[in-house]
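Take a look at the structure set out below.
The values are calculated or read from the model by the stated rules, or taken from the named source; none is laboratory data. As the structure is a computational prediction, the values presented were derived from the model and not from experiment. Ideal geometry is used to build each Cβ from the backbone, glycine not excepted, and the neighbour counts take in all protein chains shown. Ligands, DNA and RNA are excluded from the accessible area calculation, which covers all protein heavy atoms including side chains. Shrake-Rupley method; radii C 1.70, N 1.55, O 1.52, S 1.80 Å.
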Amino acid sequence: MDENYDYLIVGSGLFGATFAHQMTKAGKKCLVVDKRGHQGGNIYCKKIEDINVHWYGPHIFHTNDKEIWDFVNSFVEFNRFTYTPVANYKGELYSLPFNMNTFYQLWKTKTPAEAKSIIDEQVAKNFIKQPKNLEEQALNFVGKDIYVKLIKGYTEKQWGRMATELPPFIIKRLPLRFTYDNNYFNDKYQGIPIGGYNKLIEGLLEGIEVRLGTDFFKNKDEFTKLATKIVYTGKLDEYFSYSLGHLQYRSLEFNHQVLDTENYQGSAAVNYTDFETPYTRIVEHKHFEFGKQPKTVITKEYPLEWTTEKEPYYPINDFENETLANQYKKLKELEPNVIFGGRLAEYKYYDMHQVIASSLHAAKAELNVR
């Protein structure tokens, strides 16, 4: 089969769509294939009751990079949504991230000095010079009360392991904010596309051939002949037919419900931080766009052990998996005509702005080389 395209792009998520847009703008011919029946990867929104439902979990765009912010806003205007999730621990409500509101809710402290004093005292009681697991690391950072009520149960559900079995490096830091500020992110720019993320993907892929419901691996040899180069955004180990073994992920199950009420929980997200509640959070999607619809849509998010039949969401970046990923990354050097990009292909946790920046960088590097 003769090659017809400059680039075959496997996956229509943010990395693939951004790359396709940049190369098409530069006069290159791109074909995008995606095994799902919709484009956009995990940022896809499904409209239910006139509400844009974040079908694969909530996505809040946040960045300090003005160029990236201007880039996404050139396709769709973003609103001024600020992420202020609430934690529910056995019916008690706490503000997130950990800030002066949280400390007042925990201890009735009213000044930074009072809050610092309690945290310092609790940290000193449990301090371990060389923490061996996540629990010891977290106690070193924030003390017992915050750890037990707001970290332990949520983390154990999320990872499917006891905190004493998780490596300490999963928690690089736990920021404590000694101001009354519930804004979850510190980034200068933050928001949600007005009308949902589909508008962003549609803008990126405008005028580009996209084939949905198309599994690259079912006709890998034929697809490879179609283009000079491949941009691959799927699972790193799958590309190499799992030849070195399986990389591990955490998966999720989403339980979407339409409720006959205008406002279910008053927040876009409520995190359930006790271990006994089986889901990690409830998302109420209309709040992302300040909706006033008569009904609401909520999603309960259940963490799952990943199997090859389930969607991979979070790479498990422990020592064993990182070692295997690095072995696979060496195999990439044998594939000079393949660009590997995105969270799955790089086995790396990326935020959306980081995916876009990585894709723009890859496209620029290609144009400079060719």
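Counting only residues that are under 28 Å from Tyr154 (Cβ atoms) and of a type in the set (Lys, Arg), give me the strands (runs of 3 or more DSSP E) lying completely in the stretch 190-287 with at least 1 of them. Those strands (runs of 3 or more DSSP E) span 249-259, 281-284. For the stretch 93-105, the tally of residues that are in contact (Cβ under 8 Å) with a residue 12 or more places away in the chain, more than 27 Å from the chain's Cα centre (by Cα) and surrounded by fewer than 18 Cβ atoms within 10 Å (Cβ to Cβ) stands at 1. Where strands (runs of 3 or more DSSP E) sit wholly within the stretch 16-87, those with at least 1 residues that are among the basic types (Lys, Arg) and in contact (Cβ under 8 Å) with a residue 12 or more places away in the chain occupy 45-48. If we only count helices (runs of 4 or more DSSP H) wholly inside the stretch 107-183, which ones have 2 or more residues that are closer than 23 Å to Leu304 by Cα? Filter on the stretch 107-183 gives 134-142, 153-159. A Cβ distance below 9 Å, combined with a sequence gap of six or more or placement on separate chains, defines the contacts here; from the stretch 130-142, residues that are without any contact (Cβ under 8 Å) to a residue 60 or more places away in the chain reach residues that are assigned to a loop (DSSP other than H, G, I, E, B) and surrounded by 23 or more Cβ atoms within 10 Å (Cβ to Cβ) in the pairs Val142/Phe98. Only one of the listed residues (Thr233, Thr214, Thr273) is farther than 23 Å from Tyr328 by Cβ and touching a Phe, Trp or Tyr at 6+ places or on another chain (Cβ under 6 Å). That residue is Thr273. Each residue in the stretch 339-370 was checked for being among the hydrophobic types (A, V, I, L, M, F, W, C), open to solvent by 50 Å² or more (accessible area, probe 1.4 Å) and in contact (Cβ under 8 Å) with a residue 60 or more places away in the chain, and 1 of them qualify. Looking across the stretch 307-326, the residues that are within 24 Å of Gly16 (Cα to Cα) and either in a loop (DSSP other than H, G, I, E, B) or of a type in the set (S, T, N, Q) (or both) come down to Thr308, Glu309, Lys310, Glu311, Pro312, Tyr313, Ile316, Asn317, Asn326. In the set Tyr239, Tyr232, Tyr249, Tyr197, only one residue is open to solvent by less than 30 Å² (accessible area, probe 1.4 Å) and in contact with a Cys (Cβ under 6 Å, 6 or more places away or on another chain); that residue is Tyr197. Look at the stretch 201-213: where a residue is open to solvent by 80 Å² or more (accessible area, probe 1.4 Å) and a partner is not in a strand (DSSP E or B), sitting 6+ places away or on another chain with Cβ atoms under 7 Å, you get Gly207/Thr24. Scanning the stretch 341-370 for residues that are more than 18 Å from the chain's Cα centre (by Cα) and not in a helix (DSSP H, G or I) turns up just one, Arg370. Within the stretch 291-318, restricting attention to residues that are hydroxyl-bearing (Ser, Thr, Tyr) and free of Cβ contacts under 8 Å to residues at least 60 places away in the same chain, the residue that is nearest to Gly195 (Cα to Cα) is Tyr302.
I'm checking my understanding of the structure. Among residues of the stretch 109-128 that are open to solvent by less than 70 Å² (accessible area, probe 1.4 Å) and at pLDDT below 95, which one is farthest from Asn99 (Cα to Cα)? Checked the stretch 109-128; the qualifying residue farthest from Asn99 (Cα to Cα) is Ile128.
Comparison of Lys295, Lys286, Lys300 shows that the only residue that is charged (D, E, K, R) and under 23 Å from Tyr349 (Cα atoms) is Lys300.
Taking the criterion of being open to solvent by 30 Å² or more (accessible area, probe 1.4 Å) and charged (D, E, K, R), the residues of the stretch 150-190 that qualify are Lys152, Arg161, Glu165, Lys172, Arg173, Arg177, Asp181, Asp187, Lys188. Does the stretch 326-336 hold any residues that are at pLDDT below 95 and either open to solvent by 70 Å² or more (accessible area, probe 1.4 Å) or aliphatic (A, V, I, L, M) (or both), and which are they? Residues satisfying the conditions are Glu333, Leu334, Pro336.
For (1) in contact with a strand residue (DSSP E or B) (Cβ under 8 Å, 6 or more places away or on another chain); (2) of a type outside the set (Lys, Arg), each residue gets a yes or a no:
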site	(1), (2)
Tyr147	no, yes
Ala163	no, yes
Arg173	no, no
Phe178	no, yes
Phe185	yes, yes
Phe223	yes, yes
Val231	yes, yes
Tyr249	yes, yes
